[in-house]
Every structure is written in C-alpha cells, then in structure tokens.
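The structure under discussion appears below in the form of structure tokens.
The values are calculated or read from the model by the stated rules, or taken from the named source; none is laboratory data. Since we're looking at a predicted model, the values are computed, not measured. For neighbour counting, all protein chains shown are included, and Cβ atoms are generated from backbone atoms with ideal geometry for every residue, glycine included. All accessible areas refer to the heavy atoms of the entire protein, side chains included, with ligands and DNA or RNA removed. Shrake-Rupley method; radii C 1.70, N 1.55, O 1.52, S 1.80 Å.
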Amino acid sequence: MSVPAKTPPQKTSPKTFHVKSFGCQMNVYDGERMAELMAAEGMVATDDAHTADLVVLNTCHIREKATEKVYSDIGRVRKVAGAEGRTPMIAVAGCVAQAEGEEIVRRAKVDVVVGPQAYHNLPKLVADAVSGTAALDTDMPLASKFAALPARRKVAPGAFLTVQEGCDKFCTYCVVPYTRGAEISRPFAAIVDEAKALVDAGAREITLLGQNVNAWTDGDGRGLHDLIRALDRIHGLARIRYTTSHPNDMAQGLIDAHRDVESLMPFLHLPVQAGSDRVLRAMNRQHTRDGYLRLLDRIRAARPDIALSGDFIVGFPGETEAEFAETLSLVDAVGYAQAYSFKYSPRPGTPAATLGEQIAAEVMDERLQRLQAALNRDQAAFNAASVGRECSVLIERRGKRDGQWLGKSPWLQSVHVVGPHAIGDVLDVTLTQAGPLSLTGEVRALAAA
Ligand code: SF4
C-alpha cells in the first residue's frame, strides 16, 4: 500500500545497506533474512548504519518506550548522515512497524515501513520509495513470506531457524499476539530443507525459533519432537536447541526427546513469569505454580543434567509483597541455570495496561534487585557445579586474549578455551574453572563429527 509521500521524490537506488535488529532471537533471524534479501538484489552490507545508503531498523515492541526509541534511532541516523551531507533511506521493520505503521510514516521521515510478516516484499518497497512513494506494508500473509525468501548464505556455526510464529495465548501483558498474529507452523519439509541448507552454509548448531515454538505442529499430529528427531538425522548437524516454549505445550514426546536425542542440547528456556497463582491467573498464563513445578520434575526425571532457564516479570499490577515472595520461593525451588527478569511495563493495547493497582517504580526496582540477586546466586552455583564435567563446546568466536576462543557448552554456558582452534569447531572439553557468567575449559580433543 502506498501513502502520500512525506519524503522528497526520486532518490537514487541504494547500493549499500545495514540492518540493525533489536529484541528477540526471532528479530535477529528476520534481520538475517532481510540482509539476504538485499544482498540478493546486488546490494552490499556495511558494518554500521552511518555509512549505509539504506538503514533497516528492525524494531522490538516488548519494552516501555519502545516506540519512542524508534524515533530517536531514526533521528540519530539522520543527524550523523546529515552532518556528512548524506540522506540515507530508512526502513522501519519489526513489531513496532506492525503496531504503529501509519503513525511512523506520518510522524517521521521514513521511506519504508514493513511488518514482520511482509518483509519478503522489502526489495519492492525500497523500489517504490526510490520513486518517491513512502511504502507501508503490514499485511500478515504468513504463508508467502518464507517461500519468497532467497537461499541461505554463509551463516555462523550457531544458526537460528524460525519454525513457528505468532501466539494464541494472549497473556494480558504481552503485545506479541497483536504484532505477530496467530500461531502458525511452517511446513515440515520446508524446515528440514532450510536446516540442511544452513548446515551446508556452515551451521553446526541450529536453534529452532518460535514465540511458542513447542506449539509447532504439521497438522498431521506431528509435534516439535518429531521435527527434532528428523533434524537429528542431518549429517553435520551436531546440536539442536529450541526457544521460546510455553509450559502448556510441553508434550511428553518432547520430554522423551530430551532423554533420547543426543544432539538435542540439555537446555530448556521455559518462562513462568511469576510464582503466585493469583498473579498467574491475572496474567492469563493458563497454568499454575504447582503445575509448572511438577512439569519440571518430569523433565528432570527424563534428563537429570538439564539446565533450566526462565523469564520473570516483577511488579505486575496488584502484585503484593507476599505474592512476590512466592516468585522468590519458586526460584529457590527450581535453581535456574540462567534467567531473564524484567519490571512490568504497560504495553499499549494489552489488557493489563488498563488494570488498576499499577506498582510504583521504586517498589519494582527493589523487587527486581532481590530477584536478580537470587537468579545470579543460582547461575553461579550451576556454573560452579559444572567444574570437572566433560562436555562438548562449540566455538563461536575469538576470545579477548591471544589464542583464546569463546564457545557454548551443551548447557548454554559461555566457555573460554585456548589453542589452535577455529570458529565452528566442536571440541571435547573438561570444564576446569567457573565464574559467575562463564567458565574455562581444557580441550581434550576435536569432537567426532
Ligand atoms: S505465551 Fe509468550 S508470546 Fe504468547 S502472549 Fe504469552 S508472553 Fe506473549
């Protein structure tokens, strides 16, 4: 759809581009696909936004002031370019584009606004903008997006692969069902093909992505565990991970896959958000504290060394000190290897934003500090308990010191090793030292392919 131009007509076609992604891994994946799209048009990627003819801001709508942040990012790009006498094209993509599309076109001098389900049209939208028409596309024709994307190019050893998008859960604080739409699963064969292409392009580990990844189904009764077992048979794929899951979609088959499938890493990110059943109900999480804990018991029975990760929100409207204490006691009961924690922030258009009893900022700050102290304590304890373990480490990049490399353990811990290694190597390592956020390992051998 074209809207009356706010930008001067007739621009020159951009020759270089830069994609800046904010927020979740799915945005990172979308950013990589948009970069492949522009490269397939013959454009060249630049390392930073300030030298590019086209800047794509791939936005996140999760946090407070997300929309204002987009305007300040646009302003920053323009200011730096203006000082150098340049007028780069600006495209706004991602969840803020989806939620605020027309407002962004009307309010800011941007050339393209494109939603997460329509970015396969980016080349055409850029061409429209070159002819002086500010281009806006926030349609949700999910089916066509992936089929229209170019082949995968050189990827990092740890690659992302979106298998599911959207969410039908409607947690009362969350914008995702509105910005990403209903739950949709990509076809089985298309995922297996893309996984093979990623391995051919250099991936040794693939993380399957979805807002509710464990809700993936092919409609013929196959679930995420069937997909994982199929990917496990791809030669050269050493490791499989998946994120983000919902407790209500943890099928027994997926728990069994953690027991049986060697390439499925013993790491599970399973958000819970709060420890109080009243707060969980007000969040519309559709599960209870006890149900969540019993589920973790079943998962740990299947894979005793599994590392658990969670998401938490403190200060949800009406949360009492006693209810917050239930969150702390749940953390004590689980012992997370890692976790993300945030202060509640009212998102426009979500039911919780209109709730009374919004918690004061200083109370939220104080609760977040206590929660993070507990989570950091448990992460350090998990790392300390890992010393002496033998495991594989996938090398992802160079470390800060000469001959030092940084990689990930099966439990998604950062591990430093030294030696004549390379990015993409999977090494057999003994973990020798633990810090609060990373470990040191001694290499025993290159792992068998
Ligand atoms: S399950 Fe996750 S993505 Fe879906 S509404 Fe809840 S928080 Fe948002």
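Going by a ≥ b ≥ c, the root eigenvalues of the Cα gyration tensor, does segment 390-446 fall in the rounded group (a/c under 1.5), the prolate group (a/b larger than b/c) or the oblate group? Cα axes put segment 390-446 in the rounded bin.
Multiply the residue gap between VAL387 and ASP305 by 0.36 nm, knock off their C-alpha separation, and tell me the result in nm, one decimal place. Write down the numbers at each step before the final one.
On the way: separation 82, 0.36 × 82 = 29.52 nm, distance 1.34 nm.
So the chain would gain 28.2 nm between VAL387 and ASP305.
Under the Kirkwood approximation for Rh and a Cα-based Rg, what ratio Rg/Rh is obtained for the chain?
Details: Rg = 22.6 Å, Rh = 23.3 Å.
Here Rg/Rh amounts to 0.97.
Using C-alpha pairs under 8 Å with a sequence gap of at least 6, the mean separation divided by the residue count of segment 2-137 gives a relative contact order of 31 percent. Amide H to amide H distances under 5 Å link VAL314 with PHE342, LYS343, TYR344, where only residues 5 or more positions off or on other chains count and H is placed in the peptide plane. Once a ≥ b ≥ c are taken as the square roots of the eigenvalues of the Cα gyration tensor of segment 2-137, is the result rounded (a/c under 1.5), prolate (a/b larger than b/c) or oblate (a/b not larger than b/c)? Judged from the Cα gyration tensor, segment 2-137 comes out rounded (a/c under 1.5). Checking the Cα-Cα distances for LYS20/LYS79; LYS20/LYS408; LYS11/LYS109; LYS20/LYS109; LYS69/LYS169; LYS15/LYS124 against a 20 Å cut-off, the pairs over it are LYS20/LYS408; LYS69/LYS169.
In this label model, ARG377 and LEU437 are separated by 2.1 nm, measuring between points 7 Å along each Cα→Cβ vector. Have a look at ALA380, VAL70, GLY356 and report the one farthest towards the positive end of the charge dipole of the chain, computed about the Cα centre with Cβ charges (Lys/Arg +1, Asp/Glu -1). Final value for the positive-end residue is VAL70. Overall, the chain carries a charge dipole of about 780 debye about its Cα centre when +1 sits on the Cβ of Lys and Arg and -1 on the Cβ of Asp and Glu, all other atoms neutral.
For segment 318-329, the Karplus equation 6.51 cos²θ - 1.76 cosθ + 1.60, evaluated at θ = phi - 60°, returns couplings of x, 5, 8, 4, 5, 6, 5, 4, 5, 5, 5, 6 Hz by residue, with Gly and Pro reported as x.
Taking amide H atoms as placed 1.01 Å from N in the peptide plane, the amide H of THR162 lies under 5 Å from those of LEU209, each 5 or more residues away in sequence or on another chain. Among ARG259, ARG389, ARG33, the order of accessible area from largest down is ARG259, ARG389, ARG33, computed with a 1.4 Å probe on protein heavy atoms. Contact order for segment 77-128, expressed relative to its length and based on alpha carbon pairs under 8 Å spaced 6+ residues apart, stands at 32 percent. Phi angles across segment 43-50 convert, under the Karplus curve 6.51 cos²θ - 1.76 cosθ + 1.60 with θ = phi - 60°, into 3J(HN,Hα) values of 7, 10, 6, 10, 6, 9, 5, 7 Hz, Gly and Pro given as x.
Find how many whole Å separate the alpha carbon centroid of segment 94-117 from the alpha carbon centroid of segment 175-243. Their Cα centres are 28 Å away from one another.
Taking R0 as 35 Å, what's the FRET efficiency between SER72 and THR430 from their Cβ-Cβ distance, rounded to 0.05? If you can, show how the numbers build up before the last one.
Working: r = 47 Å, r/R0 = 1.35.
Efficiency for this residue pair is about 0.15.
Absence of a disulfide-compatible partner, taken as no other cysteine beta carbon within less than 4.7 angstrom, is noted in the chain for CYS24, CYS60, CYS95, CYS167, CYS391. The H on the amide N of LEU264, modeled in the peptide plane, is under 5 Å from the matching H of ILE240, each at least 5 residues off or on a different chain.
Starting from 0.36 nm per residue, how many nanometres of slack lie between ARG444 and VAL363 once their C-alpha separation is accounted for? All intermediate terms of the calculation are to be shown ahead of the outcome.
Details: separation 81, 0.36 × 81 = 29.16 nm, distance 4.92 nm.
24.2 nm is the gain from fully extending ARG444 to VAL363.
With the highest mean first, a sort of the peptides 329-342, 397-410 on other beta-carbon atoms found within 10 angstrom per residue produces 329-342, 397-410. Once C-alpha pairs closer than 8 Å and six or more residues apart are averaged by separation and normalised to the residue number of the chain, the relative contact order reads 10 percent.
Each other residue within a Cβ distance under 12 Å of GLU262 adds +1 if Lys or Arg and -1 if Asp or Glu, for a net charge of +3.
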